[in-house]
Every structure is written in C-alpha cells, then in structure tokens.
Amino acid sequence: MDERLEKALEFSNFLETQNNQKRIFLKQYKDNLIHYAYGHKFTASTQLINLLSVLIETDQEQIVILDDNETPVTIDNPEEFMRDVVGVYLFASRKYAKDYDDIKKNRSVEGLINI
C-alpha cells in the first residue's frame with residue numbers, strides 16, 4: 001500500500017477513535033451531573049445553581065423549584081441542597097476536564113483506547 005495512503009488511513013482511524021472517546025466522556029459528564037433528591041431528579045447545571053443562589057440570597061427558608069420532569073418540588077433546606085448540587089457539578093466538571101486532558105495527551109489509537 002502507498003505510504004501516504006497508509007498514513008492517511010491511520011490518521012483517519014485516530015480521529016474517529018478520538019471523536020468516539022470525546023462522545024463517551026461527554027455522555028459520562030452528563031450522567032454525572034444527575035442528582036437525585038427528595039424523590040426527584042435534578043441536573044446540576046449552571047442555570048440551577050444560579051437560580052438557587054438568587055433564591056438563597058432572598059433569605060427564603062423554603063423554596064419551590066422544578067425538577068427535570070417539570071414537577072414542582074419544595075426544598076426545606078435550600079443551602080444544603082445548593083451545597084449538594086454544587087458538589088455534583090464540581091465533581092462532574094473536574095472529572096470531565098481530566099478525561100478530556102487525557103484525550104489531548106494521547107496521540108495514538110492505542111493510547112486513546114486505553115483511557
């Protein structure tokens with residue numbers, strides 16, 4: 001086989017493997033953002049964190065927010081719930097950043113597969 005063609009195929013395989021790893025890590029990140037509390041499912045997003053921050057700043061002892069299924073949920077301890085959501089967000093984001101760095105450091109198909 002022509003050496004240029006072989007290198008092109010190898011590079012194409014590398015890019016495909018790299019993109020697959022990125023997709024896998026992004027799905028893991030989104031899964032890690034899920035937080036279950038009060039029998040409801042919440043996604044720890046910047047939008048939720050900002051909403052909680054504003055509601056807590058208004059000195060509300062009890063708040064009502066919507067879960068991922070648009071169901072209203074009464075939160076009796078907003079500060080504790082905020083700590084939990086921020087913790088979930090930080091864990092997921094740090095893990096995703098580490099995984100993404102691993103992808104950038106590996107420059108071979110074998111290296112990407114072993115992540």
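The values are calculated or read from the model by the stated rules, or taken from the named source; none is laboratory data. Here the structure is a predicted model, which means the values were calculated and not measured. Reconstructed Cβ throughout: ideal geometry from the backbone, glycine too, with neighbour counts over all protein chains shown.
Beta carbons closer than 7 Å, at least 6 apart along the sequence or on distinct chains, pair a first residue in segment 1-30 that is surrounded by 12 or more Cβ atoms within 10 Å (Cβ to Cβ) with a second that is of a type in the set (Gly, Ala, Ser) and assigned to a helix (DSSP H, G or I) for TYR29/ALA92. Among the residues making up segment 35-59, those that are free of Cβ contacts under 8 Å to residues at least 24 places away in the same chain and either in contact with a Phe, Trp or Tyr (Cβ under 9 Å, 6 or more places away or on another chain) or surrounded by 13 or more Cβ atoms within 10 Å (Cβ to Cβ) (or both) are TYR36, LEU51, LEU55. Within segment 60-80, the residues that satisfy the criterion of being touching a residue at least 24 places away in the same chain (Cβ under 8 Å) and among the aliphatic types (A, V, I, L, M) are VAL73, ILE75.
Yes or no, residue by residue, for (1) more than 21 Å from the chain's Cα centre (by Cα); (2) of a type outside the set (Phe, Trp, Tyr); (3) assigned to a helix (DSSP H, G or I); (4) modelled with pLDDT of 95 or more:
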position: THR17; (1), (2), (3), (4): no, yes, yes, no
position: LYS22; (1), (2), (3), (4): no, yes, yes, no
position: GLN28; (1), (2), (3), (4): no, yes, yes, yes
position: ASN50; (1), (2), (3), (4): no, yes, yes, yes
position: VAL64; (1), (2), (3), (4): yes, yes, no, yes
position: GLU79; (1), (2), (3), (4): yes, yes, yes, yes
position: VAL86; (1), (2), (3), (4): no, yes, yes, yes
position: ALA92; (1), (2), (3), (4): no, yes, yes, yes
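The set of residues in segment 60-108 being within 17 Å of ILE24 (Cα to Cα) and either surrounded by 16 or more Cβ atoms within 10 Å (Cβ to Cβ) or of a type in the set (S, T, N, Q) (or both) consists of ALA92, SER93, TYR96, ASP99, ILE103, ASN106.
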